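Visitor: The structure's right below; bear with me while I get my questions together.
The values are calculated or read from the model by the stated rules, or taken from the named source; none is laboratory data. Computed from a prediction, not measured in an experiment: that's the story for all the values here. So basically every Cβ, Gly included, is an ideal-geometry build from the backbone, and we count neighbours across all protein chains shown. Areas reflect the complete protein model, heavy atoms only, side chains present, ligands, DNA and RNA absent. Shrake-Rupley method; radii C 1.70, N 1.55, O 1.52, S 1.80 Å.
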Amino acid sequence: MKKAYIDSRWGKADSTHDPNLLANFKPRPSDILITTAPKAGTTWMQQILHQLRSGGDSNFDSIDEVVPWLELPRDGKSCSQVLEEFDQLIEPRIFKTHCTYQQTPGGVECAKIILSSRDPRDCCVSFYHHLLDFTDEARSRMGIPLPNSFDEYVNDWLNNGVWYRNIKSWWPYHDHPNLLWLRYEDMKNEFEASINQILNFLQWQLSAVQRERVLEYCSFAWMKQNVSKFAMQMNNKPVFKPGGFIRKGLIGDHKHLMTHEQEEKILAKTKVELPREALNYLEISVN
Ligand code: A3P
């Protein structure tokens with residue numbers, strides 16, 4: 001069968017990115033997309049939105065079933081099978097994505113978008129632990145190498161540049177009425193205020209009982225205790241070692257692992273890549 005041409009705007013295919021899915025996905029105005037750079041609180045936001053939509057639900061098996069990852073290739077499933085499954089999801093559909101703005105079907109003109117950003121240094125350290133947490137089987141199946149050293153890993157993270165690509169591509173839309181930009185750090189410090197912002201943005205309401213349930217189920221403690229609901233699976237097999245994924249959930253955790261030089265490299269690139277207004281908004285101070 002002749003392979004259909006896919007526009008390069010949808011990105012290159014890899015083990016977590018299927019451009020075919022993006023090119024053929026039909027966004028609905030009622031859709032909600034969570035967009036993040038990896039390790040910026042994506043799973044937390046999946047849980048928050050699922051809990052807000054349901055008024056508090058602890059009976060789901062896997063967060064990825066109720067809030068799927070939009071561009072993730074599924075082993076043994078064709079693109080049209082995955083898209084059919086997306087069609088069957090309850091409304092409003094909620095998806096997670098790590099796509100740049102340009103790769104996001106419909107962009108801000110179609111769906112409601114919630115972006116969670118996090119300090120790049122904490123995202124970098126969190127992703128390091130994420131890499132160490134893969135099971136050996138998933139590592140070899142997905143072709144993910146073990147980092148030789150933390151220093152080498154930081155350089156690779158910088159060269160890969162996914163944090164920078166994500167934030168840079170979305171920043172021009174930060175004021176758009178269909179985009180709500182939340183910072184992980186604010187969610188940690190003032191969780192209820194962040195919940196109120198999301199409710200306001202989506203025009204949703206909660207009863208007092210529902211609110212209590214949402215606060216409990218979205219707490220770090222509850223998610224850690226129920227980690228099997230949040231750790232990704234492929235072909236019904238765990239991708240991560242037991243306990244991984246919901247790790248520490250702290251602001252500034254990079255201080256425990258990163259040297260001053262490594263931090264400076266990350267900040268220097270942040271300064272080059274982002275406009276001053278974005279740095280101020282993210283409260284990233286660079287000299
Ligand atoms: P750490 O590795 O710093 O602990 P993502 O879901 O985008 O992969 O992000 C994972 C990060 O979010 C991890 O950070 C994880 O611990 C943190 N996280 C997950 N659930 C959380 C929660 N309820 N509260 C705070 N942080 C949470």
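Visitor: What pairs can you find where one residue is in region 43-65 and under 20 Å from Gln205 (Cα atoms) and of a type in the set (D, E, K, R), the other is within 13 Å of the ligand (Cβ to nearest atom) and assigned to a helix (DSSP H, G or I), and their Cβ atoms are less than 9 Å apart, with a gap of 6+ or different chains?
Guide: Asp57/His50; Asp57/Gln51; Asp57/Tyr217
Visitor: Condition test on Phe220, is it surrounded by 17 or more Cβ atoms within 10 Å (Cβ to Cβ), within 11 Å of the ligand (Cβ to nearest atom) and under 17 Å from the mean Cα position of the chain (by Cα)? Write out each step before concluding.
Guide: Working: surrounded by 17 or more Cβ atoms within 10 Å (Cβ to Cβ): no; within 11 Å of the ligand (Cβ to nearest atom): yes; under 17 Å from the mean Cα position of the chain (by Cα): yes.
No, not satisfied.
Visitor: Right, another one. For region 87-158, list the helices (runs of 4 or more DSSP H) that sit wholly inside it and hold at least 1 residues that are under 22 Å from Leu282 (Cβ atoms); which are they? Give the steps one after another, and end with the answer.
Guide: Numbers: elements: 107-110, 120-132, 136-142.
It comes to 107-110, 120-132.
Visitor: If I go through region 9-57 residue by residue, how many of them are open to solvent by less than 40 Å² (accessible area, probe 1.4 Å), within 16 Å of the ligand (Cβ to nearest atom) and not hydrophobic (A, V, I, L, M, F, W, C)?
Guide: Here the count works out to 14.
Visitor: List the number of the failed condition for Thr135; all other conditions in (1) open to solvent by 10 Å² or more (accessible area, probe 1.4 Å); (2) within 25 Å of Asn20 (Cα to Cα); (3) among the β-branched types (Val, Ile, Thr) hold.
Guide: Thr135 satisfies every listed condition except (2).
Visitor: Still on this structure, I have one more. Within region 75-102, can you find the residues that are open to solvent by less than 70 Å² (accessible area, probe 1.4 Å), without any contact (Cβ under 8 Å) to a residue 60 or more places away in the chain and either basic (Lys, Arg) or at positive phi (or both)?
Guide: Listed by number, the list is empty, since nothing qualifies.
Visitor: Also: When you go through Ile246, Ile251, Ile198 one by one, which is the residue that is touching a helix residue (DSSP H, G or I) at 6+ places or on another chain (Cβ under 6 Å) and either assigned to a helix (DSSP H, G or I) or open to solvent by less than 40 Å² (accessible area, probe 1.4 Å) (or both)?
Guide: After applying the criteria, what remains is Ile246.
Visitor: Shifting gears a bit: Can you find, within region 229-259, the residue that is farthest from the ligand (Cβ to nearest atom) among those that are closer than 16 Å to Ala138 by Cβ and without any contact (Cβ under 8 Å) to a residue 40 or more places away in the chain? Before you say what the answer is, go through the steps one by one.
Guide: The initial filter retains those residues of region 229-259 that are closer than 16 Å to Ala138 by Cβ, namely 230-245.
Going one step further and asking which of them are without any contact (Cβ under 8 Å) to a residue 40 or more places away in the chain, we end up with 231, 236, 242-243.
On the way: Ala231: 10, Asn236: 21, Pro242: 15, Gly243: 11 Å.
Ranking the qualifying residues of region 229-259, first place goes to Asn236.
Visitor: Which of the residues that make up region 8-58 are assigned to a strand (DSSP E or B) and either closer than 15 Å to Ile114 by Cα or among the hydrophobic types (A, V, I, L, M, F, W, C) (or both)? Full working, then the answer.
Guide: Kept after step one, since they are assigned to a strand (DSSP E or B), are these residues of region 8-58: 14, 17, 32-36.
Within region 8-58, Ile32, Leu33, Ile34, Thr35, Thr36 qualify.
Visitor: Another question, if that's okay. Which pairs have Cβ atoms under 9 Å, sit 6 or more apart or on different chains, and link a residue in region 269-280 that is of a type in the set (S, T, N, Q) to one that is modelled with pLDDT under 95 and not in a helix (DSSP H, G or I)?
Guide: Close Cβ pairs (under 9 Å, with a partner that is modelled with pLDDT under 95 and not in a helix (DSSP H, G or I)) amount to Thr270/Ile284; Thr270/Val286.
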